[in-house]
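Take a look at the structure set out below.
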Ligand SMILES: NC(=O)c1ccc[n+]([C@@H]2O[C@H](COP(=O)([O-])OP(=O)(O)OC[C@H]3O[C@@H](n4cnc5c(N)ncnc54)[C@H](O)[C@@H]3O)[C@@H](O)[C@H]2O)c1
């Protein structure tokens, strides 16, 4: 099949690479010329395990990149939209890029196409995309717009694309649904076909539910601290109940990232617009904000006033195995630490380059041990595996004071306390 993917970010680039590896001819289109130049020189602009190998294998054969939307549209049967839908100042999804792409597709249309929306968009956007395309091509019925939300996770995006829990196809047109299903046949995954609007809603409902689950266990953790219970044991006991399950029950410093905060907020805004007050999600947003800020309180509890104190930070990205800093808890809390007069030395295995732009005034260490050196407190924001395997005796010996605030509960409190650390996890007082 000939596929054009518009937007070559975390989702679009993985979509390009995976579809090409499955044997399709793929053309990735982006307005960011610097990104396209890098890609054509086989430089991968993001950190995502397994992605480089796929691009190496397919670039120049079945995979190419361009800034020319016309070339992408006219040479393809399927046009995927995978541009960003970041939050606007009201917290709604900013749909400017999706609308621009829809207009461009309409302008360059040279025959019947299937337009597949992979960007996360509010319910009703698929219909709007279709009408924008029709307006710009001057006729109707030439495109079928389908919703095909993406559920991959950064850090395991290639694996997730190739091994999805389900493929969701939203359209009322049976033939178009079958054609898109064919693209995914090699994955042998369960394919659910539903109407366009329900598909759009499933994506938001799924992300909002997961954010709620994380927030619920975080609030249980806060209570555990007061009643002297251990949230990791509580979560394990809860998770053994098949109706609950173990996933997304890790208490921590709050959720961040490029999806949960913006999607929860966009769903609340959409509900408000439709006259439906989404009370639980409003509480989730407030509770998550509290959880992020509580990291500052936890550090102050250990250190007292922060003026002149040195904080070693392990992990900046919003989760392990990615370099993505969008809405990362570490970035927000580091700003608070510096406002309180602390000095920060940070290390992240993948996100340092991007962090230098976002965090002026922060020193960046060459490795995790160097981040801990001379620190009054070591703070863990991201559960990278390499932090779990550190020689903590060496860490302690290099610190000014052996304080540790573990925002992801990666260490066993009994073991680190036995080593002489003044340790604070989340929900395990
Ligand atoms: N990142 C994730 O983990 C994830 C997971 C599932 C769904 N999503 C959704 O997928 C969509 C894309 O997310 P992302 O994280 O890949 O975003 P991103 O910011 O990494 O990438 C978006 C890309 O679109 C390009 N772009 C913007 N306007 C364009 C235009 N007019 N024409 C061509 N290219 C344009 C940008 O230059 C950028 O390269 C969003 O709606 C997001 O909510 C993201």
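Of note:
- Residue identified as more than 15 Å from the ligand (Cβ to nearest atom), in contact (Cβ under 8 Å) with a residue 24 or more places away in the chain, more than 28 Å from residue 136 (Cβ to Cβ) and touching a strand residue (DSSP E or B) at 6+ places or on another chain (Cβ under 6 Å) among 2, 62: 62
To keep it simple, each residue is scored yes or no on (1) closer than 24 Å to residue 184 by Cβ; (2) out of contact with any helix residue (DSSP H, G or I) (no Cβ under 8 Å at 6 or more places or on another chain).
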residue	(1), (2)
47	no, yes
52	yes, yes
55	yes, no
63	yes, no
68	no, yes
83	yes, no
94	no, yes
101	yes, no
121	yes, no
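- Qualifying positions in the range 261-281 - touching a residue at least 60 places away in the same chain (Cβ under 8 Å) and within 16 Å of the ligand (Cβ to nearest atom): 261, 262, 263, 265, 266, 267, 268, 269, 270
- Neighbours by Cβ (under 7 Å, 6+ apart or cross-chain): first from the range 28-40, closer than 17 Å to residue 76 by Cβ and part of a helix (DSSP H, G or I); second near the ligand (Cβ under 10 Å from one of its atoms) and modelled with pLDDT of 95 or more: 36/30; 36/67
- Qualifying positions in the range 268-296 - crowded, with 22+ Cβ neighbours inside 10 Å and touching a strand residue (DSSP E or B) at 6+ places or on another chain (Cβ under 9 Å): 295
- Taken over the range 17-32, residues that are within 16 Å of the ligand (Cβ to nearest atom) and closer than 12 Å to residue 54 by Cβ amount to 4.
- The set of residues in the range 217-260 that are within 16 Å of the ligand (Cβ to nearest atom) and under 16 Å from residue 290 (Cβ atoms) comprises 255, 256, 260.
- Test result for residue 72, surrounded by 24 or more Cβ atoms within 10 Å (Cβ to Cβ) and at positive phi: no
- Helices (runs of 4 or more DSSP H) contained in the range 346-429 and holding at least 3 residues exposed (fewer than 14 other Cβ atoms within 10 Å of the Cβ): 352-358, 385-388, 392-398, 413-418
- Some residue of the range 86-98 being in a loop (DSSP other than H, G, I, E, B) and within 24 Å of residue 179 (Cα to Cα): no
- Evaluation of residue 42 against (1) more than 30 Å from residue 144 (Cβ to Cβ); (2) within 12 Å of the ligand (Cβ to nearest atom); (3) in contact with a strand residue (DSSP E or B) (Cβ under 7 Å, 6 or more places away or on another chain) (one fails), failing number: (2)
- Selected residue (criterion: nearest to residue 178 (Cα to Cα)) from residues of the range 133-145 that are buried (at least 20 other Cβ atoms within 10 Å of the Cβ) and within 16 Å of the ligand (Cβ to nearest atom): 145
- Complete set of residues in the range 65-85 that are outside any strand (DSSP E or B) and either away from the ligand (no atom under 16 Å from the Cβ) or touching a residue at least 60 places away in the same chain (Cβ under 8 Å) (or both): 69, 72, 73, 75, 76, 77, 82, 83, 84, 85
- Put simply, of 221, 253 the only residue that is assigned to a loop (DSSP other than H, G, I, E, B) and in contact with a helix residue (DSSP H, G or I) (Cβ under 6 Å, 6 or more places away or on another chain) is 253.
- Scanning the range 99-150 for residues that are assigned to a helix (DSSP H, G or I), out of contact with any strand residue (DSSP E or B) (no Cβ under 9 Å at 6 or more places or on another chain) and more than 27 Å from residue 262 (Cβ to Cβ) yields 107, 108, 135, 136.
The values are calculated or read from the model by the stated rules, or taken from the named source; none is laboratory data. On a predicted model such as this, the values are computed, not experimentally measured, just so you know. Neighbour counts are summed over all protein chains in view; Cβ atoms, including those assigned to glycine, are modelled from backbone coordinates with ideal geometry.
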